[in-house]
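Contents: one structure, followed by commentary.
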Amino acid sequence: MASLIPQTSKKSADPQTEKVLRARAGMASFANSIASQASVKAEAAPARKAFISTLDGHTDAPQVQTVTKAQKSDALASLPVSARKTAERFDADTQAFINVVYARHAETGDAIDFTFAEAATVMRCDEESARRRVEALTSIGLLKPAYSPMGSLKGYLPTITN
């Protein structure tokens, strides 16, 4: 009956080999327990208070994350509602570029003329990917090209204005 039960441990006929295998298994278990204890961190000292300078208001306290999230959401706050919904699918740098184009058009009321190098600096990417992003913005309907009477590209206009 015992021969029908599969053996999960390797037992050797030699008692010396058996001792060596047990010692190796014990050392491996000991090494694993030491490694798991090393990952536990305990703080024995109380947390350090943040330093605030009374001269210039400088502090080394950590910045609150909700402030940065609020600044990111404000990048699209000046856009019209339907344009904001369309622009939300792009990354933050492209959203900043959309916001710049819409804000500049609101100031001047004219087509915004820019090079792809200028768009790349606003979008924080290279010129080729800036060109592709502007093409994506025109194909999705956020921007439209404006042409002069002679047929040359005059600039880009915001398409969604309400």
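Derivation of every value follows stated rules applied to the coordinates shown; laboratory data play no part. Only a predicted model underlies this, so the values are computations on that prediction, with no experimental measurement involved. Neighbour counts are summed over all protein chains in view; Cβ atoms, including those assigned to glycine, are modelled from backbone coordinates with ideal geometry.
Residue by residue, segment 22-33 carries 3J(HN,Hα) couplings of 5, 5, 5, 5, x, 5, 5, 5, 5, 5, 5, 5 Hz when phi is fed to the Karplus relation 6.51 cos²θ - 1.76 cosθ + 1.60 (θ = phi - 60°); x denotes Gly or Pro.
For Cys125, the shell of other residues with beta-carbons less than 14 Å away shows a net charge of -3, using +1 for Lys and Arg and -1 for Asp and Glu. By the equivalent-ellipsoid construction on the alpha carbon gyration tensor, segment 81-158 comes out with semi-axes of 19, 15, 12 Å, ordered largest to smallest. Between Ala25 and Thr108, the contour length at 0.36 nm per residue exceeds the Cα-Cα span by 22.1 nm. Between the amide H of Leu143 and those of Thr138, Thr159, distances stay under 5 Å, these residues lying 5 or more places away or on another chain, with hydrogens modeled in the peptide plane.
Per-residue Karplus couplings for segment 137-143, computed as 6.51 cos²θ - 1.76 cosθ + 1.60 with θ equal to phi - 60°, are listed in order as 5, 6, 6, 7, x, 7, 10 Hz, Gly and Pro entered as x.
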